[in-house]
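Written below as structure tokens is the structure these notes are about.
The values are calculated or read from the model by the stated rules, or taken from the named source; none is laboratory data. Just so it is clear, the structure is predicted and the values come from calculations on it, not from any experiment. Here the Cβ positions follow ideal geometry from the backbone for every residue, glycine too, while neighbour counts run over all protein chains shown.
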Amino acid sequence: MTLSLSIQTKSSWHQQSPSRLYPSLPRAVIPTSAEFKPMTQIVSHSHPWSQLSYSCIGVMHIETDTGIFVIPPEQALWLPAGMAHQHFCKNRVSYRSLYIDPVLSEMLGNKVRPLTVDPLLKSLILEISSWPEDYQETEQSQRFILVLLDRLAMAKSNQLFMPTIQDKRLLPIIETLNQEPANKFTVEQWAFKVGASSRTLNRLFNQNYGMGFSRWKQKLRILKSLELLNSNMPLVDIAFELGYESTSAFITAFKKHLGCSPKKYLSQ
């Protein structure tokens, strides 16, 4: 699988195994939390229960067979039972996770979904993830869990996602722009380089990503900007790093994709 974001070679990551893998869940919901240091990778694994992955602080990349999901604060990822996944934390991440019985979460479906976390859902995640693993199952805890499931079912899916692709004509484009997001090649120049027409390349991008080359490139830049914002890089440097003509051009593109300015996004 070719990673669609700035995930580096495996040798550059501190690999860890999942902290807890049960043969079966002792309770309907099991809370876990962890503090991940920069350049931490949780190696690929799966389990027979569903999982909600959430970052209080920091940006995670979560890789599945479907693609790469970018999970900044105020976002979460729903992973159905049996879905193989691995986490990459380039910078510090304060992590919260809820393991959920698949029977209990059946209404949430069997597809991986990136979710927008509103203030109420955030409060529920933080409350339940603060419980000890051996918490007593009371009427109150059951009410919390039922409200959590309702809010997850209502949560909107977000667009912080890059599908995995295998087409050899697109791979050199994707790999280059991952490493050089400021690259100025047009679709016509890329077409000449990979031996295809510009029309064919746009068709392939639409087939694999649901958008043409230009929109895909803008989306890649925005996804990369979240990681840079989280590292406290100044906006002017982010704009330069990603190839925007000016800071205002970067802010305009960011607003178009995420509905708010970078400054407001960081304050949420």
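State the number of residues belonging to region 54-74 that are at pLDDT 90 or above and among the polar types (S, T, N, Q).
Within region 54-74, residues that are at pLDDT 90 or above and among the polar types (S, T, N, Q) number 2.
In region 125-153, how many residues are β-branched (Val, Ile, Thr), surrounded by fewer than 13 Cβ atoms within 10 Å (Cβ to Cβ) and in contact (Cβ under 8 Å) with a residue 24 or more places away in the chain? Spell out how you get there, then give the answer.
Of all residues in region 125-153, those β-branched (Val, Ile, Thr) come to 125, 128, 138, 145, 147.
Retained after the next criterion (residues that are surrounded by fewer than 13 Cβ atoms within 10 Å (Cβ to Cβ)): 138.
This time we only want the ones that are in contact (Cβ under 8 Å) with a residue 24 or more places away in the chain, so: none.
Qualifying residue count, region 125-153: 0.
Residue by residue, here is whether (1) under 22 Å from Ser19 (Cα atoms); (2) touching a strand residue (DSSP E or B) at 6+ places or on another chain (Cβ under 7 Å); (3) not small (Gly, Ala, Ser) holds:
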| residue | (1), (2), (3) |
| --- | --- |
| Met83 | yes, yes, yes |
| Ser94 | yes, yes, no |
| Pro114 | no, yes, yes |
| Tyr135 | yes, no, yes |
| Arg143 | no, no, yes |
| Leu146 | no, no, yes |
| Met154 | no, no, yes |
| Leu160 | no, yes, yes |
| Leu170 | no, no, yes |
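Working only within region 154-176, note down all residues that are surrounded by fewer than 13 Cβ atoms within 10 Å (Cβ to Cβ), modelled with pLDDT of 90 or more and under 18 Å from Gln51 (Cβ atoms).
Answer for region 154-176, where residues must be surrounded by fewer than 13 Cβ atoms within 10 Å (Cβ to Cβ), modelled with pLDDT of 90 or more and under 18 Å from Gln51 (Cβ atoms): there is none.
Can you name every residue in region 179-209 that is over 29 Å from the mean Cα position of the chain (by Cα), over 11 Å from Asp167 (Cβ atoms) and in contact (Cβ under 8 Å) with a residue 24 or more places away in the chain?
Hit for region 179-209 is Gly195, nothing else.
I'm trying to understand the selection: among the residues of region 209-241, which are surrounded by 14 or more Cβ atoms within 10 Å (Cβ to Cβ), at pLDDT 95 or above and aliphatic (A, V, I, L, M)?
Leu235, Ile238, Ala239
Given the conditions (1) at pLDDT below 95; (2) in a loop (DSSP other than H, G, I, E, B); (3) closer than 25 Å to Pro73 by Cα; (4) not hydrophobic (A, V, I, L, M, F, W, C), report the number of the one that Tyr244 does not fulfil.
Evaluating Tyr244 over (1) at pLDDT below 95; (2) in a loop (DSSP other than H, G, I, E, B); (3) closer than 25 Å to Pro73 by Cα; (4) not hydrophobic (A, V, I, L, M, F, W, C) leaves (1) as the failure.
Which residues, taken from region 39-73, are out of contact with any Phe, Trp or Tyr (no Cβ under 8 Å at 6 or more places or on another chain), surrounded by fewer than 21 Cβ atoms within 10 Å (Cβ to Cβ) and within 20 Å of Ser12 (Cβ to Cβ)?
Listed by number, the residues that qualify are Val43, Ser44.
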